[in-house]
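Scroll down for the structure; my scribbles are underneath it.
The values are calculated or read from the model by the stated rules, or taken from the named source; none is laboratory data. Keep in mind the model is a prediction, meaning the values are calculated, not measured. Note that each Cβ is placed from the backbone with ideal geometry, even for glycine, and that neighbours are counted across all protein chains shown. Please note that ligands, DNA and RNA were not included when accessible areas were found on the heavy atoms of the full protein model with its side chains. Shrake-Rupley method; radii C 1.70, N 1.55, O 1.52, S 1.80 Å.
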Number of protein chains: 2
Amino acid sequence: MPSSRPLRSDARGNREALLAAAREAFLTGDADAHVKEIARRAGVAIGTLYRHFDTREALVEEVYRQEVDELCAAPGELLGRHAPDEALRRFLLLLVEHAAVGKGMAVALESIMATDSPVFDDARTQMEQALDQLLEAGTAVGTIRDGVSGRTLLRALGGICGMRPTEGWRDEAVHITAILFDGLRFGAPDAG
Amino acid sequence: MPSSRPLRSDARGNREALLAAAREAFLTGDADAHVKEIARRAGVAIGTLYRHFDTREALVEEVYRQEVDELCAAPGELLGRHAPDEALRRFLLLLVEHAAVGKGMAVALESIMATDSPVFDDARTQMEQALDQLLEAGTAVGTIRDGVSGRTLLRALGGICGMRPTEGWRDEAVHITAILFDGLRFGAPDAG
DNA sequence: TCCATAAGGTGAGCCAGGTTCAGGTTATAG
DNA sequence: CTATAACCTGAACCTGGCTCACCTTATGGA
């Protein structure tokens with residue numbers, strides 16, 4: 001899909017419309033909206049959807065990449081404002097909040113974090129690096145235990161975010177995240 | 001499905017054959033084996049499969065119920081042999097091991113633990129009680145932090161077990177479980 | 001032993017949802 | 001203004017879960 005020359009203007013418009021329709025659907029409840037419905041909402045035929053995105057999954061990926069980008073910008077900022085362990089704690093909660101805004105985001109985060117699907121390779125790498133950044137800052141200062149990779153933590157978070165949102169889900173996720181965070185501090189040289 | 005009178009002999013045989021075929025498929029790799037394939041392996045028609053199980057999901061549930069039963073017998077035994085926190089630690093690892101034996105079990109455990117699907121209500125309740133038993137024993141002795149419900153822990157484990165098994169998955173799951181366990185000890189009156 | 005009959009079995013076919021492709025349409029460079 | 005590559009369309013296809021009208025057979029009673 002990444003064409004070397006720019007899209008024709010109508011094509012660009014359709015692509016945007018499709019992404020907007022998909023975003024609308026995925027982020028507000030209906031995480032498994034049908035491709036036909038998405039195409040309809042975007043005002044194009046299914047064929048057009050498939051011209052822009054190889055599969056339904058590819059469309060999903062594109063929708064969430066922006067969310068991930070945004071999320072992955074956070075660690076740098078958090079580290080500038082807080083101690084490393086506090087920054088890590090806040091980032092974990094940020095992920096949970098993002099997953100909590102809609103079933104869609106939760107499912108997407110799970111897909112990104114808990115699978116090896118090559119579709120999400122970029123997003124996963126980005127997330128791993130974000131977590132590594134936070135973990136390393138914490139271990140350097142001695143408030144976070146050593147030997148935990150961003151990848152490993154990513155998996156754990158993927159699991160948590162992948163919990164199907166239901167009654168009381170958010171509070172449980174926050175609670176679990178707190179326990180996990182304490183586990184990350186456990187045994188660290190200077191753990192609070 | 002739960003008939004008051006016993007199944008006819010041929011029906012019982014077919015039911016067993018279906019469960020055996022499904023178990024074979026689910027526990028050894030192919031967690032999303034098609035119903036037609038399962039029926040074929042069992043030597044019956046699809047209609048027969050659906051006579052015995054309302055949906056594909058119901059068949060899955062039945063296959064895994066036995067695993068769950070076995071798993072849920074463990075806490076009692078572990079508590080008889082180890083200190084409460086050690087019993088809990090071993091139980092968590094037991095779950096991971098079970099999830100590790102096959103993709104199928106992992107997916108099933110996730111379905112049981114991370115969703116609210118009424119299909120798995122029984123299994124979930126059973127698991128929650130098993131975890132409650134361990135957590136309460138630990139808090140009573142002061143080695144496990146207070147205020148964590150079996151349900152909450154179940155969710156966290158569901159997430160971990162739901163990670164799609166891939167290279168290095170088992171080690172990561174064990175690692176995460178260890179961190180989670182330390183989180184459960186963190187701040188407990190008599191934590192090691 | 002044999003029959004009546006209800007329990008059980010069968011598989012063609014339906015339906016939903018993702019995907020393809022032959023043919024028509026249109027933006028845009030020259 | 002035109003040639004044409006890029007784009008769009010939607011009927012049709014495919015897969016996989018599930019249904020149902022009709023056929024087969026285990027089983028209990030005479």
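At a glance:
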quantity: Long-range amide H partners of residue A:188 with built H, under 5 Å; calculated: A:145
quantity: In Hz, Karplus ³J(HN,Hα) per residue of region B:41-55 (6.51, -1.76, 1.60; θ = phi - 60°; x = Gly, Pro); calculated: 4, 7, x, 10, 8, 4, x, 5, 4, 6, 6, 8, 9, 4, 9
quantity: Point-to-point label distance, residue B:82-residue B:10, nm (Cα→Cβ direction, 7 Å offset); calculated: 5.1 nm
quantity: Heavy-atom SASA rank of B:69, B:171 (probe 1.4 Å, accessible area, largest first); calculated: B:171, B:69
quantity: Förster radius 41 Å - calculated FRET efficiency between residue A:94 and residue B:55, Cβ distance, rounded to 0.05; calculated: 0.60
quantity: Nm distances between copies for residue B:80, ranked from closest, using label points 7 Å along Cα→Cβ; calculated: 6.1
quantity: Positive-end residue, region B:1-53 charge dipole about Cα centroid, Cβ charges, pick of B:46, B:26, B:13; calculated: B:13
quantity: Probe 1.4 Å - accessible area at residue B:44, Å² to nearest ten; calculated: 20 Å²
quantity: For region B:128-192, diffusion coefficient by Stokes-Einstein and Kirkwood Rh (Cα), 25 °C, 0.890 mPa s, µm²/s; calculated: 196 µm²/s
quantity: Interface area, B with A, accessible, probe 1.4 Å, both sides summed, Å² nearest 100; calculated: 2600 Å²
quantity: Within region B:1-53: Cβ-based charge dipole about Cα centre, in debye rounded to nearest 20 (Lys, Arg +1; Asp, Glu -1); calculated: 320 debye
quantity: Solvent-accessible area of residue B:36 with every protein chain in place, 1.4 Å probe, in Å² to the nearest 10; calculated: 140 Å²
